[in-house]
Amino acid sequence: MAKGFFTVAMNCPSTEKAHHAARETSFRVPYEDCKTVYKAFEAIYPGIQLFSEGINFGVIAQNLEGHILRKVMLKGVQ
């Protein structure tokens, strides 16, 4: 359930659109479960904005992941 919600939520601009997408895909995540998962996410990661009308969080997360990987690889070369 949580994976299904986040799979679609990382590419949605709002909780409403994330819920609709999670419900309509093969994940079939109910609305109440989406709210519960998102509430837990906010409690654990209060400084991270999952939804925005600009760039999707999925793109931001991939960019950060690339920066982390680059640092690790450069440390390995040294």
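Just so you know, all these numbers are worked out from the coordinates, no wet-lab data involved. Because the structure is predicted, anything quoted here is derived from the model rather than measured. Neighbour counts are summed over all protein chains in view; Cβ atoms, including those assigned to glycine, are modelled from backbone coordinates with ideal geometry.
Which helices, taking whole DSSP H runs in the chain, have alpha carbons extending 18 angstrom or more along the helix axis plus mean Kyte-Doolittle at least -1.0?
31-44, 57-77
Considering Cα pairs under 8 angstrom that are at least six residues apart, work out the relative contact order of the chain and quote it in whole percent.
This gives 31 percent for the chain.
Taking springs between alpha-carbon atoms closer than 10 angstrom, which of Pro13, Pro30, Pro46 fluctuates most in the Gaussian network model of the chain?
Comparing Pro13, Pro30, Pro46 in a Gaussian network model of the chain, the most mobile one is Pro46.
Mind listing the long-range amide H neighbours of Phe27? Cut-off is under 5 Å, sequence gap 5 or more, other chains count too, H placed in the peptide plane at 1.01 Å from N.
The answer is none.
Let's see if you can work this out: charge +1 on each Lys and Arg Cβ, -1 on each Asp and Glu Cβ, no other charges. What is the dipole magnitude of the chain about its Cα centre, in debye to the nearest 20? All intermediate terms of the calculation are to be shown ahead of the outcome.
Details: 9 positive and 7 negative charges, 66 e Å.
So the magnitude is around 320 debye.
Under 30 Å between C-alpha atoms is the cut-off here; go through the chain and count lysine pairs that meet it, provided they're at least eight residues apart or on different chains.
Value for the chain: 6.
In square nanometres, what is one fourth of the surface area of the convex hull spanned by the alpha carbons of the chain?
6.1 nm²
Give me the net charge for the shell around Val29: Cβ to Cβ below 12 angstrom, other residues only, Lys and Arg +1, Asp and Glu -1.
+1
Loop-only check: which trypsin sites (Lys or Arg not before Pro) in segment 16-78 are DSSP coil with at most 11 other Cβ within 10 angstrom? It would help to have the intermediate numbers written out before the result.
Values: sites: Lys17, Arg23, Arg28, Lys35, Lys39, Arg70, Lys71, Lys75; in loops: Arg28.
When the trypsin sites (Lys or Arg not before Pro) of segment 16-78 are filtered for loop state and at most 11 Cβ neighbours within 10 Å, Arg28 remain.
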